[in-house]
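Colleague: The following block contains the structure, expressed as structure tokens.
The values are calculated or read from the model by the stated rules, or taken from the named source; none is laboratory data. Remember, predicted model here, so these are calculated numbers, not experimental data. Heads up, the Cβs are rebuilt from the backbone with ideal geometry, glycines too, and the neighbour counts pull from every protein chain shown. Surface areas here come from the heavy atoms of the whole protein model, side chains and all, with no ligands, DNA or RNA. Shrake-Rupley method; radii C 1.70, N 1.55, O 1.52, S 1.80 Å.
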Amino acid sequence: GVLDYMRRDMTHPEGGLYSAEDADSLDTATGKKTEGAFYVWAADEVRQVLGEERAVVFVEVYGVQPGGNCNLSARSDPHQEFTGKNVLMQFKQLGEATAVQQAELQAGLPLARAQQLLGECRQQLFDKRASRPRPSLDDKVVTAWNGQAISAYALASRILPAEQQPPPPCFPVEGCPPGTYLQAAVAAASFVKAQLWDEGSQRLRRAFCKAPSAVEGFSDDYALLIAGLLDLYEAGGGLGWLSWALQLQDTLDSLFWDSSSGEQGMQIIV
């Protein structure tokens, strides 16, 4: 899922979250950068990687079409950049796939083995994709966006224990214990505090890219980081994050409180 992509591909070695990856990357077939080249697949390529026997089940479940599957609506591919390409998304539940039903009848393939097979197919395609040129990485660590990531990780660590676990094998790093996401939230918060918070001046910096930027934090940096720290505290991250959130709130009030807006002014964070 998205959180696992963030952990795997978008995390600084010390825990902060990077900003973005480019949409374009090098298409080795044409030698040109094109949108989505790293992520999309031709049907023949899927079959070549998986082998015909495995591909029969995979292409049905994931909607892989010989002419591509990016034509679901007029807005799916308005610039005709994905003609003949497929975005891998689950179109059918495993038990609904005709290929699986036939395999169950003809070869006695149990549903659990079919699920195992799909997991192995995803791993094969993931490994093949890793050999492609990656999109360029915007490795800025933005304070506000890290605040949002901290919230997402912390909330996931609280919510996922009550959710049904996905059947194994999962996508390469999917299905982590919920505590893993809490650890990721703590790591991101620790990075921001170490690299983007000046304890002496009680000020945040806006971003980090090899070093803290000279630009001081904006109101959204304070507000979103405070929100993330509160979520982290409530998820069991520790009392220290609540204490820091209160410090940040004091700075936010001193820098951005507008006492001329209404009788009582506007309190940005409650």
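Colleague: Please work out how many pairs of lysine residues in the chain are eight or more positions apart (or on different chains) and have Cα atoms closer than 21 angstrom. Provide the component values of the computation, followed by the final result.
Modeller: On the way: Lys32/Lys85; Lys32/Lys128; Lys33/Lys85; Lys33/Lys128; Lys85/Lys128; Lys140/Lys193; Lys140/Lys210; Lys193/Lys210.
Here the count comes out as 8.
Colleague: Which angle between 0 and 90 degrees, to the nearest 10, do you get for helix 111-129 versus the longest principal axis of the chain when only C-alpha atoms count?
Modeller: 70 degrees
Colleague: DSSP loop (so not H, G, I, E, B), at most 16 other Cβ within 10 Å: list which trypsin sites (Lys or Arg not before Pro) in segment 148-247 pass both filters.
Modeller: Working: sites: Arg158, Lys193, Arg203, Arg205, Arg206, Lys210; in loops: Arg206, Lys210.
Loop-located and lightly packed - Lys210.
Colleague: Relative to the longest principal Cα axis of the chain, at what angle does helix 219-234 sit, 0 to 90 degrees, rounded to 10?
Modeller: It is inclined by approximately 70 degrees.
Colleague: Right, something else. HN-Hα J couplings of segment 30-41 from phi, Karplus 6.51/-1.76/1.60, θ = phi - 60°, integer Hz, Gly and Pro as x?
Modeller: My calculation for segment 30-41 gives 10, x, 10, 7, 9, 5, x, 4, 5, 10, 8, 9 Hz in order.
Colleague: Add -39500 (n - 2.57) for each DSSP H run of 4 or more in the chain, then divide by its residues: what number comes out at 222 nm, to the nearest 500 deg cm²/dmol?
Modeller: Working: 9 runs with 125 residues, N = 270.
About -15000 deg cm²/dmol.
Colleague: Give the residue list of GluC sites (Glu not before Pro) in segment 171-255 that are DSSP loop and have at most 11 other beta-carbon atoms within 10 angstrom. Don't skip to the end; give the middle numbers.
Modeller: Values: sites: Glu174, Glu199, Glu216, Glu234; in loops: Glu174, Glu199.
Listed in order of number, the matching sites are Glu199.
Colleague: Next question. How large a share of the accessible area of the chain, in percent, is made up of carbon and sulfur atoms when the probe is 1.4 Å and the other protein chains stay in place?
Modeller: 54 percent
Colleague: A further question on this structure: Using 0.36 nm per residue, how much length does the chain from Ser254 to Ala162 gain when fully extended, once their Cα-Cα distance is taken away? Walk me through the numbers before you get to the answer.
Modeller: Values: separation 92, 0.36 × 92 = 33.12 nm, distance 4.04 nm.
Extra length from Ser254 to Ala162 when fully extended: 29.1 nm.
Colleague: Right, here's the next one. Give me the angle, in degrees from 0 to 90, between the Cα long axis of helix 98-107 and the longest principal axis of the Cα atoms of the chain, rounded to the nearest 10.
Modeller: It works out to around 50 degrees.
Colleague: Sticking with this structure for a sec: Please compute the modelled spin-label separation between Ala74 and Arg113, points set 7 Å along Cα→Cβ, answer in nm with one decimal.
Modeller: Here the modelled spin labels are 4.8 nm apart.
Colleague: Compare Gly16, Gly238, Gly31 in a GNM of the chain, Cα atoms joined below 10 Å, and give the one with the largest fluctuation.
Modeller: Looking only at Gly16, Gly238, Gly31, the biggest GNM fluctuation is shown by Gly31.
Colleague: I've got another one for you. Restricted to Cα positions, what overall size does the chain have along the principal axes? Three whole-Å values, descending.
Modeller: Ordered largest first, the chain gives principal extents of 72, 43, 37 Å.
Colleague: Between His12 and Ala211, how many nm apart are label points set 7 Å from Cα along the C-beta direction?
Modeller: 1.4 nm
Colleague: Could I ask something else about it? Evaluate E = 1/(1 + (r/R0)^6) for Val2 and Gln202, where r is the Cβ-Cβ distance and R0 equals 51 Å; express this FRET efficiency to the nearest 0.05.
Modeller: Values: r = 33 Å, r/R0 = 0.65.
My answer for the efficiency is 0.95.
Colleague: Probe of 1.4 angstrom, ligands and nucleic acids ignored: what's the accessible area per residue over the chain, in square angstrom? Could you put the intermediate results ahead of the total?
Modeller: Numbers: 14620 Å² over 270 residues.
Accessible area per residue: 54 Å².
Colleague: GluC sites (Glu not before Pro), restricted to segment 4-49: which are DSSP loop and have at most 14 other Cβ atoms within 10 Å? Mind showing how you got there, number by number?
Modeller: Numbers: sites: Glu14, Glu21, Glu35, Glu45; in loops: Glu14.
The qualifying sites are Glu14.
Colleague: State, as an integer percentage, the relative contact order of the chain based on alpha-carbon contacts under 8 Å between residues 6 or more apart. Intermediate values should be presented prior to the final figure.
Modeller: Numbers: 394 pairs, mean separation 51.3, N = 270.
Once normalised by length, the contact order is 19 percent.
Colleague: With a Förster radius of 41 Å, plug the Cβ-Cβ distance of Gln123 and Ser261 into 1/(1 + (r/R0)^6) and report the FRET value to the nearest 0.05.
Modeller: On the way: r = 55 Å, r/R0 = 1.34.
Once rounded, the FRET efficiency stands at 0.15.
Colleague: Sticking with this structure for a sec: So if each residue of separation counts as 0.36 nm, and I subtract the Cα-Cα distance between Gln48 and Leu246, what length gain in nm does that give? Write down the numbers at each step before the final one.
Modeller: Details: separation 198, 0.36 × 198 = 71.28 nm, distance 5.65 nm.
Gain on extension, Gln48 to Leu246, equals 65.6 nm.
Colleague: Quote the FRET efficiency, to the nearest 0.05, computed for Thr28 versus Glu96 with a Förster distance R0 of 41 Å and r equal to the Cβ-Cβ distance.
Modeller: Numbers: r = 35 Å, r/R0 = 0.85.
With a Förster radius of 41 Å, E is 0.70.
Colleague: Looking at the chain as a GNM with Cα springs under 10 Å, which of Leu225, Leu252, Leu111 has the largest mean-square fluctuation?
Modeller: So, out of Leu225, Leu252, Leu111, the one fluctuating most is Leu111.
Colleague: Here's something else I'd like to know. Report, by chain and number, residues whose modeled amide H sits under 5 Å from the one on Gly217, excluding near sequence neighbours (fewer than 5 apart, same chain).
Modeller: Leu204, Arg205, Arg206
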